[in-house]
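Below is one structure, written out as structure tokens; the observations come after it.
None of the figures in this text is laboratory data; all of them are computed from the coordinates on show. Computed from a predicted structure; not experimentally measured. Backbone-built Cβ (ideal geometry, glycine too); neighbour counts: all protein chains shown.
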Amino acid sequence: MEQEVEAVVRQRIRGLRLARGWTLDALAARCYLSPSTLSRIETGHRRIALDQLVPIARALDTTLDQLVEPSNDEDVVIRPEPQTAIGYTIWKLSRDSAPGGVTVAKMRVGAELAVDPDNLRVHPGREWFLVLSGTIRLHLGERIITVPTGEAAQFSTMIPHAIATDGGPAEVISILDHDGERVHLADAFSATSQQAE
């Protein structure tokens, strides 16, 4: 098991180095190790010591956790369960521990979802969505922006905002930061469960 983890760490170090277009010399200069030491680490001719792994992780702009996390198939496939709130259904497509603290969700917005212009949401961050089918009306401050199938929108969530459909149901893939997830997903489901009680 330890050898498997070490092999994965070696692959990650080499992969991150190559993804940045760095030579062994370039990475060595950033982590204060010799190029020959890095070469032996990447090829498995030298065991990786913790005092070497820390500067390598820093130089590659990653964390120790990300370098050494186990790789197995259990965390690959996500089986989203639909959650229904008033006017829409959401399938959460990412795990709670998604990198960058973002949540990816598929949302089906029903034609019955109405927007109260006096009750638009505001929170820190940014949001992004891609319309998979139908047409979305994005209420963004005083503006209403039509976003048809195949187009995307990205905006600051400090602007009062809400979405509705334009003439029928629509489906979107949305990327929300932590504040967006809390406001749009968690609040909606807690409100739905309180109404059911």
Note to self: Between Val8 and Leu132, how high is the FRET efficiency from 1/(1 + (r/R0)^6) when r is the Cβ-Cβ distance and R₀ = 35 Å? Nearest 0.05.
What the structure shows: 0.50
Next item on the list: Identify, among Leu18, Ala49, Tyr32, the residue whose Cα sits farthest towards the positive end of the charge dipole of the stretch 2-74, taking +1 on the Cβ of Lys and Arg and -1 on the Cβ of Asp and Glu, with the dipole about the Cα centre.
Entry: Tyr32
Next item on the list: Can you figure out the FRET efficiency of Lys106 with Val54, using R₀ = 45 Å and their beta-carbon distance, to the nearest 0.05?
Entry: 0.70
Check: Can you list the HN-Hα couplings for the stretch 86-95, worked out from phi with the Karplus curve (6.51, -1.76, 1.60; θ = phi - 60°), rounded to whole Hz and with x for Gly and Pro?
Finding: 4, x, 7, 10, 10, 10, 7, 9, 10, 7
Next item on the list: Search the structure for amide H atoms under 5 Å from the amide H of Phe155, placed 1.01 Å from N in the peptide plane, and list their residues when 5 or more places away or on another chain.
Entry: Glu127
Item checked: Rough spin-label spacing in nm, given labels placed 7 Å along Cα→Cβ, for Val115 and Arg47 -> 6.1
Next item on the list: Work out, step by step, the length gained on full extension between His123 and Leu93: first 0.36 nm times the residue separation, then minus their alpha carbon distance; give nm to one decimal.
Entry: 8.6 nm
